[in-house]
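The structure appears right after this line, and notes come after that.
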Amino acid sequence: MLQVYRKLNKSVVEVDSSEINAAYDFSDKWIHMSNPTDKEIELVSLATKIPEEYLKAALDSEERAHIEREDSVLMSVTDIPITEEDDDKYTYATLPFGFISNESTVVTVCLNETSIIYDLMAGRYVRDFNIHKRTRFFLQLQYVIAKKYLQYLNQIDRASQRVLSDLEKSTKNESLLEMLSLEKSLVYFSTSLRANTAVLDKVPRLVKFFEEDEDLWDDVLIENKQAIEMSNIYRDILSGTMDAYASLISNNLNIVMKALTIITLCIDVPAMIASFWGMNTGVPFSDKSWGFWVVIGISIVILIIMLIIMWKKRMLK
């Protein structure tokens, strides 16, 4: 999908898709492509003079975060957080997001639709963004991405608290699997945020900041650092909780096996004695009417002795 935005008075508005064609002037515009077709990539490349390989870089889901500059073209790929719905539950992952700019145009590319564009347009985290000031636009975009990470991290924290509450009532496989999914999401976030930090560290060497951009640059670094710390803390908490519940489940299993072993011994000892007196050979008391009660008494005495031994060995506690 191809979306084009332009500056109108003091706001940024979307261009009617019916106006977009090969003859359309993309100068001083912001072009956003989500899962674009080859035809759309070719159209944008011809109109903006940006190489197709730059436009396609973020379309590889395994593309690593990086930034580079060649002549007047600045190209960066950073990882953004996304949500995916799976069986009425949300899972979290990351995707590459491309930012390419030259002297006249800004292009952003992503494999899927992302709420980051809508947050930017709605002024949720930044206001008065200007597509003509490309360095500031890039910084504002990175600020929104960092804020999005923080938003999803808070959602993961709330989800983990809910799952922990469910586990306190009943240890279910579904809850454990959901905790595992949340822990995996935090691993994705932590890895992607560290990669984004490596990209942000190179920005001052490739672009020139205006004085009014310095505060925004500091805010980007602070928000990104906070997101890294939060993801690491939440991951450590979830990892420790998973280990604790794994130990708890293992301990509960041992208790059950211990109880079953004791019950088995209590049943097998009388059964073994009864089987001895059931042999087709001469056995004591076989010709006595009270012989049955003697055998029962022997079984009870042995069982009591066995229980006393297990009690002293703390096997019944």
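Only the coordinates and a few stated rules stand behind these numbers; no lab work does. Keep in mind the model is a prediction, meaning the values are calculated, not measured. Reconstructed Cβ throughout: ideal geometry from the backbone, glycine too, with neighbour counts over all protein chains shown.
From the mean inverse distance of alpha carbon pairs (Kirkwood) and the Cα radius of gyration, derive Rg over Rh for the chain.
1.38
Taking 0.36 nm per residue of sequence separation and subtracting the Cα-Cα distance, how much length would be gained by fully extending the chain between Asp166 and Ser27, in nm to one decimal?
Here the answer is 44.5 nm.
R0 = 51 Å: FRET efficiency of Glu85 with Ile255, Cβ-based, nearest 0.05?
So, using R0 = 51 Å, E works out to roughly 0.85.
How big is the charge dipole of segment 206-317 about its Cα centre, in debye rounded to the nearest 20, if each Lys and Arg gets +1 on its Cβ and each Asp and Glu gets -1 on its Cβ?
Once rounded to the nearest 20, the dipole reads 2060 debye.
If the cut-off is a Cα-Cα distance under 23 Å, which lysines reach Lys89, setting aside same-chain residues fewer than 8 apart in sequence?
Reachable lysines: Lys147, Lys148, Lys169, Lys172, Lys184.
Report for the chain the percent antiparallel among DSSP-assigned beta bridges with both residues inside it, nearest 5.
So the antiparallel bridges amount to about 85 percent of the total.
Please build a GNM for the chain, connecting alpha carbons under 10 Å apart, and tell me which residue among Val144, Val13, Val106 fluctuates the most.
Its mean-square fluctuation being the largest, the pick is Val13.
Charges on Cβ only, +1 for Lys and Arg, -1 for Asp and Glu, centred on the Cα centroid of the chain; of Leu180, Ile50, Ala274, which one is farthest towards the dipole's positive end?
Ala274
Pick from Asn252, Asn130, Asn224 the residue whose mean-square fluctuation is largest in a GNM of the chain, springs joining Cα atoms under 10 Å.
Its mean-square fluctuation being the largest, the pick is Asn252.
Can you sort Ile20, Ile100, Ile305 so the residue with the fewest Cβ neighbours within 10 Å comes first?
Going from sparsest to densest Cβ surroundings: Ile305, Ile20, Ile100.
Which of Glu19, Glu42, Glu183 comes first, and how do the rest follow, when ranked by fewest Cβ neighbours within 10 Å?
Glu19, Glu42, Glu183
State, as an integer percentage, the relative contact order of the chain based on alpha-carbon contacts under 8 Å between residues 6 or more apart.
This gives 14 percent for the chain.
Taking 35 Å as R0, compute the FRET efficiency from the Cβ-Cβ separation of Gln226 and His132 and round it to 0.05.
0.75
Please identify the DSSP H helices in the chain that span no less than 18 Å along the helix axis (Cα) and have a mean Kyte-Doolittle hydropathy of -1.0 or more.
Membrane-span-like by this criterion, though nothing is claimed about a membrane: 134-169, 173-206, 214-276, 291-312.
So if I place +1 on the C-beta of Lys and Arg and -1 on the C-beta of Asp and Glu, and nothing else carries charge, what would the dipole magnitude of segment 41-199 be about its Cα centre? I want it in debye, nearest 20.
760
Measure out, as a whole number of angstrom, how far apart the alpha-carbon centroids of segment 145-216 and segment 100-122 sit.
21
Of the residues Leu141, Leu253, Leu200, which exhibits the maximal mean-square fluctuation in a Gaussian network model of the chain defined by a 10 Å Cα contact cut-off?
Leu253
Please give the charge dipole size of the chain, origin at the Cα centre, charges +1 on K and R Cβ atoms and -1 on D and E Cβ atoms. Round to the nearest 20 debye.
I would put it at about 1880 debye.
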